[in-house]
Amino acid sequence: MDPRLEHDLLLSRRQFFGHGGLRLGALGLAAVTAQQGGLGSQLRAETADSPADRVHPPQPGLPHFQPRAQSIIYLHMNGGPSQIDTWDYKPKLDDYFDKDLPDSVRQGQRITTMTSGQKRFPVAPSKFKFTQHGECGRWVSELLPHTAGCVDDLSLIKSVHTNAINHDPACTFVMTGSEVPGKASLGSWLAYGLGSESNDLPAFVVLTPSWSSKAAAQALFTRMWSSGFLPTQYNGVALRSSGDPVLYLPNPPGVTRQDRRTMLDALARLNQHRLDQLGDPEIRTRIAQYEMAFRMQRSVPELTNWSDETEQTLAMYGPEVNKPGTFAASALLARRLVERGVRVVQLLHRGWDQHGNIAGDLPAQCRDVDQACGALIRDLKQRGLLDSTLVVWGGEFGRTVYCQGGLTRKNYGRDHHPRCFPIWLAGGGIRPGLSVGETDDFSYNVVDRPVHINDLNATLLRCLGIDHDRLTFQFQGLDQKLTGVEPSHPVEELLG
């Protein structure tokens, strides 16, 4: 039984009209007091000089220790990029072209139903050339020339592994630490724990840029940026890739900003009265979100206006930076968001699920993101923001060394592979130029320094000053954590 629902169901007709009369009176009162400075006026007068004055304050006692990163930009390549064709160089595979994957390598591990019926598992070496880059000597595919130019500023984990073998649970796992829906996402945990320095923008912003490969892409589920069991005010706010960044944010014709202010002040008083009656935390969220939307009416148009960016900066991100909704435009927007105090920015780029036609689809996907990724690192660095901004790039799992479907020297496909895949990190407390972990000659098993998804998440939290074991929220009788109940450990060798 929900007492709030029961309260509404048991209202009599007399009570309904009685409450309605009180509300109409409150509207009139608010219209009068708005000119003298109502609730919204008080909020606008606040400054963010201290955590207590912020619209998004941190939880008491957080951060747990001095953070290296103040914000995080998470670049998620949805679908699972092929590690063998991008970051995990395996030159010995040429000798195994079209030979069956040895049983000693597969070790009876599960595979998806998309390839379990194949009579053979022929090895497919990468058709793309790899060369060494930077002082660290990192081997990088020819598909990523711009990111390759930044290898001394980033560190690569080659041995990340996950429990999930299909997209939806794997993406849910990466972002929430669990395959089970309903848990809070990484961005929501950070917004809840650390708040944000921006009073005019959300603490957690989500961008979903377009993609160039013609292949059908996996769906994006809101659970990847949902607050789950946390209060809904910590949901990620998704900015649209075309048209108005936020629907219904502008005032309709005939409604002035002062009119909107008057209406919101009245609505805030009504909601506060209801909150005092019922104590429903969702009402508090509603008050805060209405107020944030009002602030965003001014902050979002300025945020998305590139006129203050130099030609050199725009050229660095590439020709698509001026095309709304592209990855390049989203990467520049991410930098502008963290520059304005937003805590978490999440970019979800779709189309990386190459079960076939890697020769055509993977280069298109890499062209979407490569120049912008390199530009983002350089841009943050030259502005003095890389030290305080943690940048993460990766997918939800890797791809198989064996071919799915027909195999030729010029083209092939790869199935899902959760046993090992790469993720790189830059800035925000990460020691640059390192490589952590190693896979076997088939990029099939981890042979050195395995890093579980929850170890990775513990590392990200550590960079932002959080002990992952101490950031908890009580729900369903448990002290819930991003990293779950099994032991997880930050990757200490990466931490500067």
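Scan the stretch 116-127 for residues that are crowded, with 19+ Cβ neighbours inside 10 Å and assigned to a loop (DSSP other than H, G, I, E, B) and jot them down.
Within the stretch 116-127, F121, A124, P125, S126 qualify.
If only one of R367, R383 is among the charged types (D, E, K, R), touching a helix residue (DSSP H, G or I) at 6+ places or on another chain (Cβ under 8 Å) and modelled with pLDDT of 95 or more, which one is it? Spell out how you get there, then give the answer.
Details: R367 fails: touching a helix residue (DSSP H, G or I) at 6+ places or on another chain (Cβ under 8 Å).
Matching residue, one of R367, R383: R383.
For the stretch 186-234, give me each residue that is more than 19 Å from G484 (Cα to Cα) and of a type in the set (K, R).
K214
Is there a residue in the stretch 431-453 that is without any contact (Cβ under 8 Å) to a residue 24 or more places away in the chain, surrounded by 20 or more Cβ atoms within 10 Å (Cβ to Cβ) and either closer than 30 Å to I377 by Cβ or among the basic types (K, R) (or both)?
no
Name every residue in the stretch 373-408 that is free of Cβ contacts under 8 Å to residues at least 60 places away in the same chain, within 28 Å of H355 (Cβ to Cβ) and in contact with a Ser or Thr (Cβ under 9 Å, 6 or more places away or on another chain), in order of residue number.
Answer for the stretch 373-408, where residues must be free of Cβ contacts under 8 Å to residues at least 60 places away in the same chain, within 28 Å of H355 (Cβ to Cβ) and in contact with a Ser or Thr (Cβ under 9 Å, 6 or more places away or on another chain): just G405.
In this structure, is S116 over 23 Å from P450 (Cβ atoms), of a type in the set (G, A, S) and touching a Phe, Trp or Tyr at 6+ places or on another chain (Cβ under 6 Å)?
no
Hey, can you tell me all the residues within the stretch 190-204 that are among the charged types (D, E, K, R) and over 13 Å from V338 (Cβ atoms)?
Within the stretch 190-204, D200 is the sole residue that qualifies.
Hand me the list of strands (runs of 3 or more DSSP E) wholly inside the stretch 314-419 holding 3 or more residues that are farther than 20 Å from C150 by Cβ.
In the stretch 314-419, the matching strands (runs of 3 or more DSSP E) lie at 344-349, 398-403, 414-417.
Each row is one residue, and each column tells you yes or no for (1) surrounded by fewer than 22 Cβ atoms within 10 Å (Cβ to Cβ); (2) among the charged types (D, E, K, R); (3) not assigned by TED's automatic domain parsing to the domain that holds L264.
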site: T304; (1), (2), (3): yes, no, no
site: M316; (1), (2), (3): yes, no, no
site: G325; (1), (2), (3): yes, no, yes
site: A329; (1), (2), (3): no, no, yes
site: L332; (1), (2), (3): no, no, yes
site: E339; (1), (2), (3): yes, yes, yes
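Name, by its number, the condition in (1) touching a Lys or Arg at 6+ places or on another chain (Cβ under 9 Å); (2) modelled with pLDDT of 95 or more; (3) at positive phi that does not hold for G429.
(2)
Among the numbered criteria (1) under 23 Å from the mean Cα position of the chain (by Cα); (2) surrounded by fewer than 16 Cβ atoms within 10 Å (Cβ to Cβ); (3) closer than 17 Å to V237 by Cα, which single criterion is violated by R298?
Of everything listed in (1) under 23 Å from the mean Cα position of the chain (by Cα); (2) surrounded by fewer than 16 Cβ atoms within 10 Å (Cβ to Cβ); (3) closer than 17 Å to V237 by Cα, R298 misses just condition (1).
The values are calculated or read from the model by the stated rules, or taken from the named source; none is laboratory data. Keep in mind that what you see is a predicted model, and the values were worked out from it rather than measured. Methodologically, a virtual Cβ is constructed for each residue, glycine included, from the backbone with ideal geometry; neighbour enumeration extends over all protein chains shown.
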